[in-house]
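Below you'll find the structure, written out as structure tokens, and then a few comments.
No value in this document is a laboratory result; all are computed from the given coordinates. A quick note: this is a predicted structure, and the numbers were derived from the prediction, not measured. Cβ atoms come from the backbone with ideal geometry, glycine included; neighbour counts cover every protein chain shown.
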Amino acid sequence: MTLVCFAVKEEAGAFQRLARGKIGVSTMVTGMGRRNAETAIRDFLAACPTEVVFTCGFAGGLHPDLAPGAVVFATADTELADKLQAAGAKPATFHCATTVAVTAADKQQLRATTGADVVEMESEAIQTVCRERGIPCATIRVISDTARENLPLDFNQLYRPDMSLDFGKLAWMLVKALWKIGALMKLQKRCQFAASELAKVLVKVVGGG
């Protein structure tokens, strides 16, 4: 069994379509944040024997050269690293944050303090659980927003304590700032493109396609 984890369904959809029908491949949506990721991976591994785990999804660029749609990875497993590079992914260093890096200034500060190329929110927890169990694991992420750009909204204000999106707060925020709807739609299209690029790499790795 190969397990491919995503935080949210928007990250997973493109891969699920390409990987439909592949035997021995399971996809899981964990929910956002370390706590949700750790709970989900522990529950899955307790119930299902698993040979390899991929922790995947969107990421913010911290390295200024990383463009939207670039697929990057980190793994301690040399065989997985070879497969990922052959599939078109590039090695990178990751920082697992507890909040969304919203502004270019936030990303610049993270780059300066951590030296990381990429920021995301779940993979460290999944990697830790897999190390405990001796299961090969790779973090594979696609750049949805670059180091030099701001996100259109402060998404940290929109999450409930369980890291689910509060759509009521989102609607109210947009009512107060209607001019941001266009930027939000642009980000949505960017994320769809990023999910597609990630799926192309992943399907090669899990199925040789």
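Taken one residue at a time, the phi angles of the range 67-75 give Karplus couplings (6.51, -1.76, 1.60, θ = phi - 60°) of 9, x, x, 5, 9, 10, 8, 8, 7 Hz. Gly and Pro are set to x.
When you count the other C-beta atoms within 10 angstrom of each residue and take the mean per peptide, 146-159, 119-132, 60-73 line up highest first as 119-132, 60-73, 146-159.
With the cut-off at 1.5 for a/c, could you classify the chain from its C-alpha gyration tensor as rounded, prolate or oblate?
Cα axes put the chain in the prolate bin.
For residue 55, nonlocal amide neighbours, meaning residues 5 or more places apart or on other chains whose placed amide H falls under 5 Å from its own, are 5, 138, 139, 140. Each of 48, 191 has some number of other Cβ atoms within 10 Å of its Cβ, and from fewest to most they run 48, 191. When you filter the GluC sites (Glu not before Pro) in the range 32-114 for DSSP loop state and at most 13 other Cβ atoms inside 10 Å of their Cβ, you are left with 51. Spin-label pair residue 170-residue 1: with each label point 7 Å from Cα along the Cα-Cβ axis, the two points sit 3.0 nm from one another. The relative contact order of the chain, computed from alpha carbon pairs under 8 Å that lie at least 6 residues apart in sequence, is 30 percent. Neighbour counts of other Cβ atoms within 10 Å put 82, 106 in the fewest-to-most order 82, 106.
The angle separating the long axis of helix 104-114 from the principal Cα axis of greatest extent in the chain is about 40 degrees. By the Cβ-Cβ criterion of under 4.7 Å, the unpaired cysteines of the chain are 5, 48, 56, 96, 191. In a shell of Cβ-Cβ distance under 15 Å around residue 103, excluding residue 103 itself, what net charge do Lys and Arg (+1) and Asp and Glu (-1) give? Within the 15 Å Cβ shell, the charges total 0.
For the residue pairs 107/186; 83/169; 169/200; 9/180; 107/200; 9/107, alpha carbon separations beyond 31 Å are given by 83/169; 169/200.
Here the Karplus curve 6.51 cos²θ - 1.76 cosθ + 1.60, taken at θ = phi - 60°, turns the phi angles of the range 139-156 into couplings of 8, 10, 10, 10, 6, 9, 9, 8, 5, 9, 10, 8, 6, x, 9, 7, 5, 4 Hz, with x standing for Gly and Pro. Based on DSSP H segments of at least four residues, each scored -39500 (n - 2.57), the chain has a per-residue ellipticity at 222 nm of -14000 deg cm²/dmol.
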